[in-house]
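Below is one structure, written out as structure tokens; comments come after it.
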Amino acid sequence: MAEQNTEAKLKNLLKQEKIQLWNPPYTDAENQPGQQHIQELAERYAPLVCLSVSEVGGALESVRAQAVKRGKGNKMFRETNVATLELLLPRDSKKDPKRKSCLETRLDMLVQQLVDRIGEEYGLKHIKLILNGKTLSVDKRLDEQGVKNHSKMMVLKVSDAELKQQLTEEEEKKKNQNESIQRTQKGFQILSERDGSEDPDTTPFLEIGDQKGNPLKIPHQEKKALILAMGFHEKGRSLMKRKQYDNALCHLLQADQQFSKCGSALLGSVDNYAVLQLDIVWCYRALEALSCLDDGKSRLQKAEDLFLQCYGEQQQRLLMIKGNTGREDVLFLRLYLLQSLLAFLEGNDSQARLQLSRVESLYGRLCLDSEKMAQLVILGFTEREARLGLRACQGDLQEAAIHISNRRQERAELEQRERQKRRSRMEAISTLAELGFSRRDAARALHHANGDVDRAYAILLDSSQAAQLTNNNMEGAVSPAKVQQLLYLGFEQDSAEAALRLTGGDVQSATQLLLDNQGVISPELLSVSPPSTSTSSPSSSPSSELPSTSSNSEDSELVNEVLEDISHHEEDYLDLTLEEESELIATMKSYLNREPTHTV
């Protein structure tokens, strides 16, 4: 980290003086260093960066060698289309920690081919490639996904190699990271489709709430994307707690993709997206991949802007909603700490010191008295409640105890109201189902009627009459004359009638449909309602809308699996012990407070 800081400072000085180390007199015709001129430059720069001449000389040679190598790479790319990529390898896979790992390749090849090469060269069995915070698809070309000459790519291990050796092939497949991501997505998709009409005692249901836990009204499609995004985020946070940062980052990047499907107004009213940006950069830090500076910087800026939008200037909006702001300060501590680290890596020590001073100020307020923590635990509160309560009340023990008790009561009352609301909704759906409508149609009608049973009944009646009219029209669509035309062409009568129903009586479209399906209309096609009959109609049999028993069992397993990673406490993301932060603060102080090296 110190080397990167020194090189960044020297690059800034070279840029100011427009000195190009890859050209004479600093590099000769054979690309060897011009020792005398490098030495003179080192003697001049040493006092400016407060380091010894020998240290500055070594750093200048490193910068020069990189520039020469980059120049060679540019020339090779122009002449042969072979690009040079910089690989940010896992720590335990680097052959030489101080040397950058580069790989030469054409960009019109599939990512899978590059994955195979990296795996073979560095002994990595299961990996993913990350470029600018996005996972590269193995079945697409490098250039199609924004990979360019000199691109920096993170190489993430999919799972622990030692663990893989102990697992059977089937178990290995289940433990594979791709499988994990797919299962997480499927589980939260099931939850996103639930509308709260099932038994609240037996069926898990996710509701999206505001910063106090009250449910938010969100358009259905946005709600589905948000639940998936939050689900991936929760899974990623769970993996972060277990220090599985490679796997965590993959899930967090999936969350980032899902959040991009949500409207900006929604993202500006909740802090989840801002917290996600922090978590992604925190993983970069843990994986020592902070040379992804551009992506890290833009994510931290996005997080800061969103916090400002969500919490308000001086956090007054947050104060109005929650009554205090102490708990959210841990997010700003982490934000300023990461900003300090990135500034240091860019060689901007003054900015790094400024941000670190803000961090230390927050850290002093957020560090908790262990005796007060113990007293709250003796009173029957959890460690998480004690931490959050003390931070909310600026360390006042008595106020914290009252605050925690009030929060418990508020949560219990909110949960009771939500359960009662779901029970009332179930009763209303059952009432409409007894009148002959399907439970799914009843649930949709109730949603449109804002829970008013009479209005929902009117909506269902209107839909049913429209459907009846459509069915009458469909009789004309499957007229004997049209069926006869298809029979004349050699198709079976059942298939001809089914094709006409599916195409609304259009003989030409029905003919094409039959030709495309070898004259047979499959059960899958028959199960799809034609466009003209998409309205609801009464149904006494709900069996058609329910999955099979085995499917139900698999769905329940998936749902239970993903729910294990969701915290039961809505402020879990604020419950940081600050142990990792404390270590990074100490590291940053040691680098920034280094005694200037004697420059003679």
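Assessment of segment 408-417 against the conditions (surrounded by 15 or more Cβ atoms within 10 Å (Cβ to Cβ) and under 30 Å from T577 (Cα atoms)) yields at least one matching residue. The helices (runs of 4 or more DSSP H) falling completely within segment 339-453 that include 1 or more residues that are more than 26 Å from D329 (Cβ to Cβ), within 32 Å of the chain's Cα centre (by Cα) and not acidic (D, E) map to 397-434, 439-448. Within the option set L563, L546, L515, being among the aliphatic types (A, V, I, L, M), surrounded by fewer than 16 Cβ atoms within 10 Å (Cβ to Cβ) and at pLDDT 60 or above holds for one residue only, L515.
Here are some residues: A496, A481, A466. Which one is at pLDDT 75 or above and either in contact with a Pro (Cβ under 8 Å, 6 or more places away or on another chain) or surrounded by 13 or more Cβ atoms within 10 Å (Cβ to Cβ) (or both)?
Going through A496, A481, A466 in turn, the sole match is A496.
Note on segment 74-92: residues that are part of a loop (DSSP other than H, G, I, E, B) and surrounded by 14 or more Cβ atoms within 10 Å (Cβ to Cβ) total 2.
Consider segment 129-144 and keep the residues that are assigned to a strand (DSSP E or B) and at pLDDT below 85. The one that is farthest from Q257 (Cα to Cα) is T135.
The values are calculated or read from the model by the stated rules, or taken from the named source; none is laboratory data. These numbers come from a predicted model, not from an experiment. Virtual Cβ from ideal backbone geometry, glycine too; neighbours counted across all protein chains shown.
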